[in-house]
Structure formats: structure tokens, C-alpha cells
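To keep things clear, I will list the structure first and then write my remarks on it.
The values are calculated or read from the model by the stated rules, or taken from the named source; none is laboratory data. These numbers were taken from a predicted model, which means no experiment stands behind them. Here Cβ is always computed from backbone atoms with ideal geometry, including for glycine, and neighbour counts include all displayed protein chains.
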């Protein structure tokens with residue numbers, strides 16, 4: 001099955017270069033349909049460039065705080081010299097959404 005998602009320039013390029021192998025998302029109804037071996041077509045928000053990747057595994061957590069404990073920051077798209085916090089996800093999702101749906105780490109290959 002093919003799923004579509006949008007990505008900002010930096011995470012798009014990181015996935016394209018295989019530096020970022022974990023995509024962090026809210027585990028909402030859309031993401032609950034994803035299964036291992038499905039494909040995701042990411043669209044870069046500025047240029048419209050598309051990139052298809054396969055899903056290796058899904059790791060489901062109650063919240064991003066729990067998720068962040070299980071993965072190294074570079075696999076999630078942080079630079080080695082960059083601070084990493086689950087609170088960064090509040091820029092994308094409201095706490096109420098996270099409390100309702102939880103979080104998913106989509107492992108790509």
C-alpha cells in the first residue's frame with residue numbers, strides 16, 4: 001500500500017541521503033493504516049520533489065517522551081551537535097493530540 005506525507009526540506013534531504021531512518025509522527029488514524037513493507041511517498045513542501053521509501057517497522061508509544069528514549073538522535077534527524085528533546089514535537093502536534101493518539105516511529109529502509 002502507498003501512503004503520502006509531506007516533509008520540510010531538511011528532513012526530506014536527510015531521508016533521501018539515508019541519514020534519517022526514523023520518521024516521527026502522531027499515531028493518528030492516517031498512520032494507523034501503515035504496515036511494514038508499505039511504501040511512503042514523501043513530498044518536499046517547498047519544491048514538490050517526491051521520494052518513495054519502504055517501511056521496515058512501526059514502533060508505537062504512548063507519547064514522544066517514551067519514543068525518544070528508544071532511538072538515537074541521528075536516526076531521528078538530529079545532528080550530533082544538536083540538542084534533542086521530545087518537546088520539539090510540540091511544534092507540530094498539540095499535547096492534547098499526543099495524549100489522544102500517541103506517537104509512532106516509522107522505521108524506513
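Looking across segment 76-109, the residues that are in contact with a strand residue (DSSP E or B) (Cβ under 7 Å, 6 or more places away or on another chain), in a loop (DSSP other than H, G, I, E, B) and either modelled with pLDDT of 95 or more or farther than 24 Å from residue 39 by Cα (or both) come down to 76, 93, 102. On the stretch given as segment 24-75, residues that are touching a strand residue (DSSP E or B) at 6+ places or on another chain (Cβ under 7 Å) and on the phi > 0 side of the Ramachandran plot total 1. Within segment 10-67, the set of residues being modelled with pLDDT under 95 and touching a helix residue (DSSP H, G or I) at 6+ places or on another chain (Cβ under 6 Å) is empty.
If the condition is being farther than 16 Å from residue 11 by Cα and in contact (Cβ under 8 Å) with a residue 40 or more places away in the chain, then segment 72-109 contributes 93, 97, 98, 101, 102, 103, 104.
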